[in-house]
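Since every read-out is calculated from the coordinates, none of them should be taken as a lab result. Bear in mind that the values here come from a model prediction, so they are computed numbers and not experimental data. Because the Cβ atoms are built from the backbone with ideal geometry, glycine has one as well, and the counts that use them run over all protein chains shown.
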Amino acid sequence: MHAFQAARGLRPDGVCDETTWTALVEASWRLGDRQLVLTLPNLRGDDVADLQSRLARLGFDSGRVDGILGMRTSRALADFQSNCGLLADGVCGPETIRAIERVSSQTGDGPGVSTVRERERLRAGLGSVAHCRVVVGQFSGFSALTRTLARELRQQGATVMPLDEPDPVAQALAANHFGAHAYLGFECHEEPGATAYYYQVPTFESVGGRALADAVVGELLHIPAIAALTPTSSGMRLPVLRETRMPAVLLAVGPARLATDATPQLTTAVLAALDLWILRAT
């Protein structure tokens with residue numbers, strides 16, 4: 001169980017909770033096992049992720065490789081079918097899979113069009129914090145930090161949505177509906193450490209998420225008590241990172257007492273990191 005969780009970008013705690021069980025089910029699907037089509041709720045699985053990855057490498061922007069067959073993936077699939085002279089019905093059945101496999105044999109293993117476009121959006125920049133819509137969420141022990149951070153961001157002109165919802169998927173859906181440019185989440189844990197997580201799977205990495213996570217880690221190094229913990233950034237497939245549609249970072253700090261005592265410095269560090277992320281070209 002530990003090995004499976006680690007391989008899937010989940011916390012390797014050996015507990016088969018709802019997130020791990022869902023990951024086990026999704027891992028059982030292979031492209032061609034079932035017909036893929038836009039449904040409500042959306043189909044999820046490794047077969048969907050494989051489809052998204054192949055479409056992206058072929059130049060059809062299906063968005064993040066998240067294994068969730070949403071509207072963007074459906075449109076990319078229909079565009080591919082149209083370009084191949086197939087019925088553009090957005091249904092991935094045997095004929096469409098054969099066409100994908102045939103054309104995919106002529107492509108390389110690059111990052112795909114969705115990653116390239118995210119890099120270009122980052123290079124274009126957002127201008128300033130005042131032009132940004134930011135979601136600030138917390139799961140445990142960081143309410144003081146998120147309130148202060150939201151207030152400081154508003155004073156700089158940003159449009160901010162603070163979230164205290166304990167369900168990470170609910171937070172992600174709220175951030176998507178809000179149309180946020182960035183999501184910053186915070187949680188305390190008992191083990192000493194400081195990690196800024198961003199979304200990453202074997203075939204996809206959120207370029208914006210990683211850049212923001214690295215910026216946060218860089219600023220944490222200026223806080224002696226946090227720097228002593230050797231803060232790092234890490235790509236993971238945690239639910240709140242997977243479900244969000246914008247660059248997202250979840251900062252986990254422990255132990256709780258240290259995180260609480262360092263709240264003012266953490267607020268300053270995160271603000272500086274966000275400024276740096278917004279203003280600099282990548």
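Worth a mention:
- Taking every alpha-carbon pair under 8 Å whose residues sit at least 6 apart, the chain reaches a relative contact order of 18 percent.
- Take the Cα of Glu101, step 7 Å toward its Cβ, do the same at Arg72, and the gap between the two points is 2.8 nm.
- MRE, 222 nm, helices only [DSSP H, n ≥ 4, -39500 (n - 2.57), over the chain, to nearest 500]: -14000 deg cm²/dmol
- Cα-based helix-to-principal-axis angle, 143-155 vs the chain, degrees rounded to 10: 80
- In terms of its C-alpha gyration tensor, the chain comes out prolate, because a/c is 1.5 or above and the ratio a/b outweighs b/c.
- Cα-based helix-to-principal-axis angle, 71-83 vs the chain, degrees rounded to 10: 30
- Backbone amide hydrogens, once placed in the peptide plane, bring Val160 within less than 5 Å of Val134, excluding anything fewer than 5 places away on its chain.
- Calculated Rg and Dmax of the stretch 31-115 using C-alpha coordinates, Å: 11.3, 34
- Computed from Cα positions, the angle between helix 168-178 and the longest principal axis of the chain comes to roughly 80 degrees.
- Taking the stretch 125-279 and dividing mean pair separation by its residue count, relative contact order in percent (alpha carbons under 8 Å, at least six apart): 31
- Per-peptide packing, taken as the mean over residues of other Cβ atoms within 10 Å, places 191-200, 206-215, 6-15 in the sequence 206-215, 191-200, 6-15 from highest down.
- Rounded to the nearest 20 debye, the dipole size of the stretch 125-279 about its Cα centre is 320 debye, using +1 on the Cβ of Lys and Arg and -1 on the Cβ of Asp and Glu.
- Full-extension gain in nm, Thr39 to Val15, via 0.36 nm per residue minus C-alpha separation: 5.6 nm
- Converting phi to 3J(HN,Hα) with the Karplus coefficients 6.51, -1.76 and 1.60 and the offset θ = phi - 60°, the stretch 181-187 yields 7, 8, 10, 10, x, 9, 8 Hz in sequence order, with x at every glycine or proline.
- Under 5 Å from the amide H of Ala182 lie the amide H atoms of Arg133, Val135, each residue being 5 or more positions distant or on a separate chain, with H modelled from the backbone and absent for Pro and chain starts.
- Label-point separation, Thr230 to Ala170 (7 Å along Cα→Cβ), nm: 3.8
- Amide hydrogen proximity for Tyr197: with H placed 1.01 Å from N in the peptide plane, the residues at 5 or more positions away or on another chain lying under 5 Å are Ser234, Leu250, Leu251, Ala252.
- Antiparallel content of DSSP bridges confined to the chain, in %, to 5: 30
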